[in-house]
1. When the Karplus curve 6.51 cos²θ - 1.76 cosθ + 1.60 is applied with θ = phi - 60°, which whole-Hz ³J(HN,Hα) does each residue of the stretch 55-70 get, with x for Gly and Pro?
2. Just order 56-68, 79-91 by mean Cβ neighbour count inside 10 Å, highest at the front, would you?
3. What distance in nm separates the two pseudo spin-label positions at Arg99 and Lys45, each 7 Å out from Cα along the beta-carbon direction?
4. Amide H neighbours of Thr135 under 5 Å, counting only residues 5+ apart in sequence or on other chains, H built in-plane at 1.01 Å?
5. Solvent-accessible area of Arg129, probe 1.4 Å, all protein chains present, reported in Å² to the nearest ten, please.
6. Find the relative contact order for the stretch 42-187 and round it to a whole percent, using C-alpha pairs within less than 8 Å whose residues are 6+ positions apart.
7. Using a 1.4 Å probe over the heavy atoms of the protein chains, calculate the carbon and sulfur portion of the accessible area of the stretch 51-167 as a whole percent.
Amino acid sequence: MGSAKKSDATDPHDSAPAPDPHGSDLVPDPHGSGLVPDSGDDTDKVLTAVGPRLRKIRKERGATLAGLSEATGISVSTLSRLESGGRRPSLELLLPIARAHQVPLDELVGAPPVGDPRVRAKPIVRHGRTMVPLTRQPGGLQAYKVIEPARSVQADPRTHEGYEWLYVLSGRLRLVLAEHDVVLGPGEAAEFDTRVPHWFGSTGEGPVEFLSLFGPQGERMHVRARPAAKGGKGGNEE
């Protein structure tokens, strides 16, 4: 690239900004996938912070406005106004600056903060059983923490499409699966095709807490329960 001095009068980047029908002004994508066109009320706040960030990154690298102008083809005047907030940043301006500084475009605009990863789900109570959803996305694999009170209930095996995995946290869980009738204790797990007649619930001896993962047909967990102690009921029946 030549070293001829740029003139603000002929700098295509320094012309009066016109409305961009494609929304070239950028904001961080709240889903973390980079930059997206302006679509929210916080756009001005985000773009206002771009100028100070551009200046900070440039000074951290020991670059001058003249040097950055030479590397990007953007006039010193335009770069100065970008840093001072006098010029609205656009993709056309930020791309060459990001290349010159060798940083991701997100770093110039500011990546969105990491959201709170905690799942705040409302418990679901059905037929005396409390289920706390541990997943937020619809469809696919679903996880629940289940709390079953102590009660005597007649086993009523059912069938449906899917695959299920159970892991006992505390208490004892009775599982009826086809011809098998087993009791799982803390730390024991079971997995099964839900097209096989099955039922699980309280043994009647006390409450039980367990994790339940349920997925579409074919999504197997590949987890087995530990072997049962000799002479007792175990949770490793297939």
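The values are calculated or read from the model by the stated rules, or taken from the named source; none is laboratory data. Since the model is a prediction, treat every value here as computed from it, not as a measurement. We place every Cβ from the backbone using ideal geometry, glycine too, and count neighbours over all the protein chains shown. Note: areas computed on protein heavy atoms with side chains; ligands, DNA, RNA excluded. Shrake-Rupley method; radii C 1.70, N 1.55, O 1.52, S 1.80 Å.
1. So the J values, rounded to whole Hz, are 5, 4, 5, 4, 5, 4, 9, x, 8, 9, 4, 5, x, 5, 4, 4.
2. 79-91, 56-68
3. Placing both labels 7 Å along Cα→Cβ, they lie 3.3 nm apart.
4. Placed amide hydrogens put Ala143 under 5 Å from Thr135.
5. Accessible area, nearest 10 Å²: 50 Å².
6. 14 percent
7. Taking all protein chains in place, the stretch 51-167 shows 55 percent carbon and sulfur surface.
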